[in-house]
Amino acid sequence: AGGPGANASDPLVTVGDDGRTTLVWKQRGSNDSVHVATRAADSASFGPTEQIHISATGKYITSLDMATGADGTTTIAWTRQDGQSSNYVVHATTRSPGSSSFGPVEDLSDSSTNSGLLRLSLMLPARAPLPGAQVPREESW
């Protein structure tokens, strides 16, 4: 029971260079799901929640990750236990700059092979640090 925020976990947020803020989270239940909400740069509140994925009954979503590129492209990726086996499959969806919704969910790995419970990392071109930000020197990493 509950609305779009019931049993929500693992929230992630990105802010694009244009000021658009995107919030994504997974929601636990008999069918795990991925939800996203966006706030325009000139808005004081987030718009309506968009459900972008729902898993089969009893299958779990893990390793949720999100990144926004300098051009405003936002990609959300996650692993999900496959409905046919106990294998984990990598999924992703992308929203193009200026678009109000995400595209279709793509399966990025083969469901016959276990992709594992990995932490996804979305690589984007490096950006200049914010003014006053401390950037560690390579030998301190």
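Within the range 31-42, is there a residue that is part of a loop (DSSP other than H, G, I, E, B), modelled with pLDDT of 90 or more and among the aliphatic types (A, V, I, L, M)? Explain how you work it out, then say what you get.
Just the residues of the range 31-42 that are part of a loop (DSSP other than H, G, I, E, B), to begin with: 31-32, 40-42.
After this cut, where a residue has to be modelled with pLDDT of 90 or more as well, the list is 40-42.
Now restrict to residues that are among the aliphatic types (A, V, I, L, M): 40-41.
Yes; the residues of the range 31-42 include at least one that is part of a loop (DSSP other than H, G, I, E, B), modelled with pLDDT of 90 or more and among the aliphatic types (A, V, I, L, M).
Suppose we filter the range 84-105 for residues that are in contact with a strand residue (DSSP E or B) (Cβ under 7 Å, 6 or more places away or on another chain), part of a loop (DSSP other than H, G, I, E, B) and touching a residue at least 40 places away in the same chain (Cβ under 8 Å); how many remain?
3
The values are calculated or read from the model by the stated rules, or taken from the named source; none is laboratory data. Remember, it's a predicted structure, so these values are computed and weren't measured experimentally. Note that we place each Cβ from the backbone using ideal geometry, even for glycine, and neighbour counts take in every protein chain shown.
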